[in-house]
Amino acid sequence: MKVSKDKEKLEKVERINNELLRLTRIFEKIPKDKFETLEGVIEEAANIRITMQDMRKELDSTGWVELFQQSKDVEPYERTRPLANQYSTLNKNYQNLMKMLKDSLPKEDITEDNDGFDDL
């Protein structure tokens, strides 16, 4: 069992590294001095995304709600699973990190292509 857990951890580290590489390629246009200050943000975003994928897989297989019973004298009721709440919190954090990174990209000059409409 321990070997399996170690293998899972190694696979997760590999997935995080692949996501880190993907994000680094996307945001390599950020000026070097800004990029160095945002490296931690990129690393955190990569880690959160992979963690969310694992959480989502678990939630899809076990459900987003569960029956919960306060005591044996009270009827059970459906409640959102704690993992679903954690997922939602992580998702908000991830969206904020990605917005921060996107806003750090240099504004590129937008040139309009001539579609020929005005030439008529």
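The values are calculated or read from the model by the stated rules, or taken from the named source; none is laboratory data. Fair warning: this is a prediction, and the values are worked out from it, not measured in the lab. Reconstructed Cβ throughout: ideal geometry from the backbone, glycine too, with neighbour counts over all protein chains shown. With ligands, DNA and RNA removed, areas are computed over all heavy atoms of the protein, side chains included. Shrake-Rupley method; radii C 1.70, N 1.55, O 1.52, S 1.80 Å.
What percent does the relative contact order of the chain come to when contacts are Cα pairs within less than 8 Å and at least six residues apart?
27
Between LEU67 and LYS29, what is the label-to-label distance in nm when each label sits 7 Å out along the Cα-to-Cβ direction?
5.3
Return the ratio Rg/(2.2 N^0.38 Å) for the chain, where Rg is computed over Cα atoms only.
With N residues counted in the chain, Rg over 2.2 N^0.38 Å equals 1.61.
Add +1 for every Lys or Arg and -1 for every Asp or Glu among the other residues with Cβ under 15 Å from the Cβ of LEU67, and state the total.
Residues near LEU67 contribute 0 overall.
Which listed residue (THR80, ASN96, LEU21) has the Cα farthest towards the positive end of the charge dipole for the chain, taking +1 on Lys and Arg C-beta and -1 on Asp and Glu C-beta about the Cα centre?
THR80
To the nearest 20 debye, what charge dipole does region 1-84 have about its Cα centre, counting +1 at the Cβ of each Lys and Arg and -1 at the Cβ of each Asp and Glu?
Here region 1-84 has a charge dipole of around 240 debye.
Which residue, THR80, THR51, THR24, has the most motion in a Gaussian network model of the chain that connects Cα atoms within less than 10 Å?
THR80
Under a cut-off of 25 Å between alpha-carbon atoms, report the lysines in cross-link reach of LYS72, not counting same-chain residues fewer than 8 places apart.
The reachable lysines, counting only those whose Cα sits under 25 Å from LYS72, number zero.
For the cross-link pairs LYS9/LYS32; LYS32/LYS99; LYS34/LYS107; LYS32/LYS102, which exceed 22 Å when the distance is taken from alpha carbon to alpha carbon?
On the way: LYS9/LYS32 32 Å; LYS32/LYS99 19 Å; LYS34/LYS107 14 Å; LYS32/LYS102 15 Å.
Beyond 22 Å: LYS9/LYS32.
Using a 1.4 angstrom probe on the protein heavy atoms only, line up LEU90, LEU23 by accessible area, largest first.
So the residues, ranked largest to smallest area, are LEU90, LEU23.
Set the Förster distance to 30 Å, then compute FRET efficiency between LEU21 and MET100 from the Cβ-Cβ distance, nearest 0.05.
0.95
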